[in-house]
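In what follows, a single structure is set out as C-alpha cells and then discussed.
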Amino acid sequence: MGSRVASLVVLVWFVAGIVAAWQRGYFNEPPEQCSHFATLAVTVVAGPLNYVGLNPKMGCKLPEPSQ
C-alpha cells in the first residue's frame, strides 16, 4: 500500500507540473531550442512548486565537436 501512495503522489506532482507548463504556454508550439525544452522539462519536474513562486528557466550549452 505504501508504494501505491507514493506512486499517486508522484503522479499528482507531475500532473501539477504539466498543468503549470500548459498555463505558461509552453505547449503552444514545439520547443525549437535546447533551452526551451530544458525549461519545459524543469517546469514539469518542479510540479506544485510552480504555484509557490518557482518559475524555472534553463539554458543549454551543448558540447562543440572537436576540430
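The values are calculated or read from the model by the stated rules, or taken from the named source; none is laboratory data. Note that this is a predicted model, so its numbers are computed, not measured. When we count neighbours, we look across all protein chains shown, and the Cβ atoms used for this are built from the backbone with ideal geometry, even at glycine. These area figures cover heavy atoms from the full protein model, side chains too; ligands, DNA and RNA do not enter into them. Shrake-Rupley method; radii C 1.70, N 1.55, O 1.52, S 1.80 Å.
Estimated purely from DSSP H runs of n ≥ 4, each contributing -39500 (n - 2.57), the mean residue ellipticity at 222 nm for the chain is -17500 deg cm²/dmol once divided by its residues.
Solvent-accessible area of the chain (1.4 angstrom probe, protein heavy atoms only): carbon and sulfur portion equals 66 percent.
Seen against the Cα atoms of the chain and their longest principal axis, helix 34-46 is set at about 10 degrees. Packing around the peptides 26-34, 45-53, taken as the average count of other Cβ atoms within 10 Å per residue, puts them in this order, highest first: 45-53, 26-34. Note that the chain presents 80 Å² accessible area per residue, ligands and nucleic acids not counted, probe 1.4 Å. Relative to the dominant Cα principal axis of the chain, helix 2-23 is inclined by about 50°. Using the empirical formula 2.2 N^0.38 Å as the baseline, the Cα radius of gyration of the chain reaches a ratio of 1.38.
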